[in-house]
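Report on the following structure.
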Amino acid sequence: MATHWFVPPVFVKTETGDRHGCNNARTALEQLKRWTRRGPRWHKAVTLCLSDLEGDPIDPQVVRKAFEAAA
C-alpha cells in the first residue's frame with residue numbers, strides 16, 4: 001500500500017493544545033478517530049481516508065480537501 005501525500009499539510013489542534021500536521025490519509029484518519037464532534041463532513045473524510053488506505057486510489061488533494069473541511 002503506497003502512501004499518498006498531500007501538500008500542504010492540514011494542521012489541527014490536539015487535545016493537549018499542540019498543533020499536528022496531517023499530510024496523508026493515515027495521519028488524517030488517526031486524528032479523525034480522536035474527534036468527538038462528528039457530522040457529515042467528518043463522515044466524508046473518514047470514508048475517503050479508509051477507501052484510500054484500503055487500496056482504492058483517491059487523489060490526495062481530494063482527501064486533503066475533505067479532511068480540511070471536517071477540521
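Taken together, the values in this text are just the output of simple stated rules run on the coordinates, not laboratory data. Note that this is a predicted model, so its numbers are computed, not measured. Positions of Cβ are generated from backbone atoms using ideal geometry, with glycine treated the same way; all protein chains shown enter the neighbour counts.
A few points about this structure:
- Within the straight-line cut-off of under 18 Å between alpha carbons, the aspartates and glutamates reachable from LYS13 are GLU30, GLU68, sequence neighbours fewer than 8 places apart in one chain being disregarded.
- With the simple model of a label 7 Å out from the Cα in the direction of the Cβ, ALA2 to ARG37 spans 3.6 nm.
- Listed residues HIS20, THR36, PRO57: farthest to the positive end of the dipole of the chain (Cβ charges): THR36
- THR16, THR27, THR3 arranged by Cβ crowding within 10 Å, fewest neighbours leading: THR16, THR3, THR27
- Over 19 Å [Cα-Cα, the chain], rounded percent: 24 percent
- Angle of helix 25-34 to the longest C-alpha principal axis of the chain, folded into 0 to 90 degrees and rounded to 10: 40°.
- Compared with the dominant principal axis of the Cα atoms in the chain, helix 60-70 is inclined by about 30°.
- Counting beta carbons within 10 Å around each of ASP59, ASP52, ASP18 and listing the fewest first gives the order ASP18, ASP59, ASP52.
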